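Peer 1: Below: one structure in structure tokens.
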Amino acid sequence: MLRRFCMAFVLTLSPLLATIAQQVPATGQQVDNFELNDFRGNAVALRDYQEAKVVVLAVLGTECPLAKLYGPRLQELDDRFGSEVAFIGLNANTQDSVTEIAAYARRHKITFPILKDLGNKIVDELGAVRTPEVFVLDSQRRIRYQGRIDDQYSVGVIRNSAKREFLADAVNALLAGRNPRKSYVEPVGCHIGRVRTPIADSKVTFSNQISRLLQKRCVSCHRDGEIAPFTLIDYDEVVGWAEMIAEVVQDQRMPPWHATQDHLKFMNDRTMSDEEKELIYSWVANGAPEGDPSMLPPPLSFPVADWDLPKKPDAVFQIQQTPFKVKAQGEVKYQWFSVSPNYSEDKWIRAVEIIPGNRAVVHHILAFTQLPGATQFRAARGYLAGFVPGLRADSFPAGMAKRLPAGAKIVFQIHYTPVGSEQFDQSKIGFVFMDDAEVKQEIVTTSAANTRFVIPAGESNYQVKASSEKSPTAVTLIGMNPHMHLRGKAFRYNIRLPNGDTETLLDIPAYDFNWQTQYRLATPLRIPAGAQIQCIAHFDNSEVNLNNPDPTTDVRWGDQTWEEMMIGYFDVAVPKRATTTGNTRPSAEARLRQTFTQLDRNKNGVVELKEIPEQYAARIKAMDSNGDGKLTVSELNAHIRRVKLQKP
């Protein structure tokens, strides 16, 4: 099937691919003088820099994520080399206005000129393909290096530092009178948004098919205030991204969906159909025509006041007391924050939403509950709520809710990704509650996790397995959410039924850490008592994995992204336990069972004694009849029976 997709893509885009094929490396080419206006309206010519021994032409865009990350790097190099080297920025994107170029320069503190290449004349002469892409000219203004700046950033890859500094090495070589070691390194980034000549009689146009397809698949993220780096609403903006849209669809990078279609169906499946892909390929090959604007669909409407909840939240909490500063570059360790709602009774959550204060830098947020008196919690056991790009805050199925225990704290884990300029974030969480009488089933996020693995250095396909405890009762599976870090390669969920049969629920052959997707079942699945979830993960700790922070070291479990995790989170609905109302004090048996339920965080019917708060330790240890350090439901029931027999 993939071969058919690729063949269709090649045939449909042949005029476009032919144009790209002509853009071969231009090493040795003489660059003649040119003159363009910068974003301030000042004319700048190449001959203005006759005294410079080396000139660097940097092709940039204002919204491309890699161009944002490398803007500050180019300024650092400009400062480092001084007057011997002149840096000149070129922006040929049709979608980038002069005002946006000025904002880009101001945001990234760029002082070298950025020129507007109207009609992409200069970048066409250079043979430039992407943003960012650099051309290093010697004293005779011949191209001596073309391509990447360094290898720190790539598509979906953020290293802590660069291992190879292609641009700096080329400049240093020329200043020293040597030839650069490399004359060309293939650039990575976004396609230049060139001026296009549409085919007048194209059957596929933006106003007709493409605008509707973008609304269906893309606009939920590609709109103002959302995680995507640019909007895909207006034609003047979209046309500049046409070639890039075709590429990411053909590469299956967008829309982001990593599960195969062979098993269960999911309500949030973003997969494009063959027909939808063909529409995009045809539109781009035909020059991305606008069509008749009167045929545009009505604009989409989105919830007001930020929230995507079914109603105004009943409670809202700020995650950080003051805005958190995210540095411009490099890697940011996971940040932890906590909130104390101070509820005196359990709260039932019908819907919950976490809203990032700055979607440009928030990669994901997970919220966990920490029970009263507990000094720690195990994130691998389960979580209360989460935010990932593109996730909608849908209500739980009718009659189902999550429990926020009385007196519990909410602990937040936030992963930030720098975007090339200093940013600030102050996120929040909102709850819609449900009356106790309306709740029929409790939704519990639990997991199959393995914390005791060691991934050998250089191993490209290391397997790690984990299994949940057997379900003591029948439950209903609602969704799944695998979690690994930068070496994660593939993940699969299986279910082992009581009769020994095994079925695959979810298969992710190409896991992507950049997308912490929650796979929500279109139809909840009933799981019989005695079944268990089995997860199989594969990790790539080799140098082939461009995300790998260090392929020379063994890797163990840890919170930070340079360490690893293997967690197969999943949501199940379980029967709601009995509760009391009014001022009647629960019986000792009910209080004991309630304590057990609260301590059993993953709802597998087992409490590990080493993890419980000190105030419960002595009493619960006495119930551990076999002394294995775990308290099971059967041991709890046996203790209750013994107590009842001792009563007069």
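Peer 1: Quick one: Lys325 ticks every box in (1) open to solvent by 50 Å² or more (accessible area, probe 1.4 Å); (2) touching a Ser or Thr at 6+ places or on another chain (Cβ under 7 Å) bar one, so which box is it?
Peer 2: So Lys325 meets the others, but not (2).
Peer 1: Answer yes or no as to whether Lys428 is surrounded by fewer than 22 Cβ atoms within 10 Å (Cβ to Cβ) and touching a Ser or Thr at 6+ places or on another chain (Cβ under 6 Å).
Peer 2: For Lys428, the condition - surrounded by fewer than 22 Cβ atoms within 10 Å (Cβ to Cβ) and touching a Ser or Thr at 6+ places or on another chain (Cβ under 6 Å) - is not met.
Peer 1: If you take the residues in the range 40-68 that are of a type in the set (Lys, Arg) and in a helix (DSSP H, G or I), which one is modelled with the lowest pLDDT?
Peer 2: Among those that are of a type in the set (Lys, Arg) and in a helix (DSSP H, G or I), it is Lys68.
Peer 1: Sort out which residues of the range 302-359 are under 30 Å from Glu76 (Cβ atoms) and among the hydrophobic types (A, V, I, L, M, F, W, C), and write them in order of number.
Peer 2: Passing the criteria: Phe324, Val326, Ala328, Val332.
Peer 1: Out of all the residues in the range 159-189, which are under 23 Å from Val544 (Cβ atoms), assigned to a loop (DSSP other than H, G, I, E, B), open to solvent by less than 90 Å² (accessible area, probe 1.4 Å) and free of Cβ contacts under 8 Å to residues at least 24 places away in the same chain?
Peer 2: Ala162, Glu165
Peer 1: In the range 495-512, what count of residues is obtained for those that are in a loop (DSSP other than H, G, I, E, B), modelled with pLDDT of 95 or more and among the charged types (D, E, K, R)?
Peer 2: 1
Peer 1: Suppose we filter Leu279, Leu296 for residues that are over 23 Å from Pro372 (Cβ atoms), open to solvent by 70 Å² or more (accessible area, probe 1.4 Å) and in contact with a helix residue (DSSP H, G or I) (Cβ under 8 Å, 6 or more places away or on another chain); which single one remains?
Peer 2: The conditions single out Leu296.
Peer 1: How many residues are among the hydroxyl-bearing types (Ser, Thr, Tyr) and touching a Phe, Trp or Tyr at 6+ places or on another chain (Cβ under 7 Å) when one looks only at the range 185-201?
Peer 2: Within the range 185-201, residues that are among the hydroxyl-bearing types (Ser, Thr, Tyr) and touching a Phe, Trp or Tyr at 6+ places or on another chain (Cβ under 7 Å) number 0.
Peer 1: If you don't mind, there's one more thing I want to ask. Could you list all residues from the range 228-250 that are open to solvent by 40 Å² or more (accessible area, probe 1.4 Å) and closer than 22 Å to His363 by Cα?
Peer 2: Passing the criteria: only Pro229.
Peer 1: Inspect all residues belonging to the range 583-593 and state whether any of them is at pLDDT 70 or above and either open to solvent by 50 Å² or more (accessible area, probe 1.4 Å) or not aromatic (Phe, Trp, Tyr) (or both).
Peer 2: Within the range 583-593 (the criterion being at pLDDT 70 or above and either open to solvent by 50 Å² or more (accessible area, probe 1.4 Å) or not aromatic (Phe, Trp, Tyr) (or both)), the answer is no, since none of the residues qualifies.
Peer 1: Considering only residues that are touching a Lys or Arg at 6+ places or on another chain (Cβ under 9 Å) and within 16 Å of Ser542 (Cα to Cα), which ones fall in the range 460-478?
Peer 2: Ser460, Asn461, Tyr462
Peer 1: Still on this structure: Would you be able to say whether some residue in the range 515-538 is open to solvent by 20 Å² or more (accessible area, probe 1.4 Å), in a loop (DSSP other than H, G, I, E, B) and closer than 22 Å to Thr451 by Cβ?
Peer 2: yes
Peer 1: State which residue is least open to solvent (accessible area, probe 1.4 Å) when the search covers only the range 34-53 and only residues that are free of Cβ contacts under 8 Å to residues at least 24 places away in the same chain and within 15 Å of Lys121 (Cα to Cα).
Peer 2: It comes out as Ala45.
Peer 1: Right, another one. Could you list, in sequence order, all residues of the range 344-371 that are open to solvent by 20 Å² or more (accessible area, probe 1.4 Å), under 20 Å from Val432 (Cα atoms) and outside any strand (DSSP E or B)?
Peer 2: Listed by number, the residues that qualify are Ser344, Glu345, Asp346, Gly357.
Peer 1: Run Ile210 past the list (1) over 30 Å from Glu275 (Cα atoms); (2) modelled with pLDDT of 95 or more and report the number of the one that doesn't hold.
Peer 2: So Ile210 meets the others, but not (1).
Peer 1: Considering only the range 480-494, I want to know if a residue exists there that is more than 24 Å from the chain's Cα centre (by Cα) and either among the β-branched types (Val, Ile, Thr) or open to solvent by 20 Å² or more (accessible area, probe 1.4 Å) (or both).
Peer 2: no
Peer 1: Would you confirm whether any residue within the range 376-383 is more than 25 Å from the chain's Cα centre (by Cα) and modelled with pLDDT under 90?
Peer 2: yes
Peer 1: In the range 206-226, which residues are open to solvent by less than 40 Å² (accessible area, probe 1.4 Å) and closer than 21 Å to Pro255 by Cβ?
Peer 2: Phe206, Ile210, Ser211, Leu213, Leu214, Cys218, Val219, Cys221, His222, Glu226
Peer 1: Going by the structure shown, is Ala102 open to solvent by less than 30 Å² (accessible area, probe 1.4 Å), touching a Ser or Thr at 6+ places or on another chain (Cβ under 7 Å), closer than 27 Å to Thr231 by Cβ and among the aliphatic types (A, V, I, L, M)?
Peer 2: no
Peer 1: Keeping to the range 495-511, report how many residues are open to solvent by less than 50 Å² (accessible area, probe 1.4 Å) and of a type outside the set (Phe, Trp, Tyr).
Peer 2: 8
The values are calculated or read from the model by the stated rules, or taken from the named source; none is laboratory data. Note that the coordinates shown come from a computational prediction; the quantities given were computed from them, not determined experimentally. When we count neighbours, we look across all protein chains shown, and the Cβ atoms used for this are built from the backbone with ideal geometry, even at glycine. Areas reflect the complete protein model, heavy atoms only, side chains present, ligands, DNA and RNA absent. Shrake-Rupley method; radii C 1.70, N 1.55, O 1.52, S 1.80 Å.
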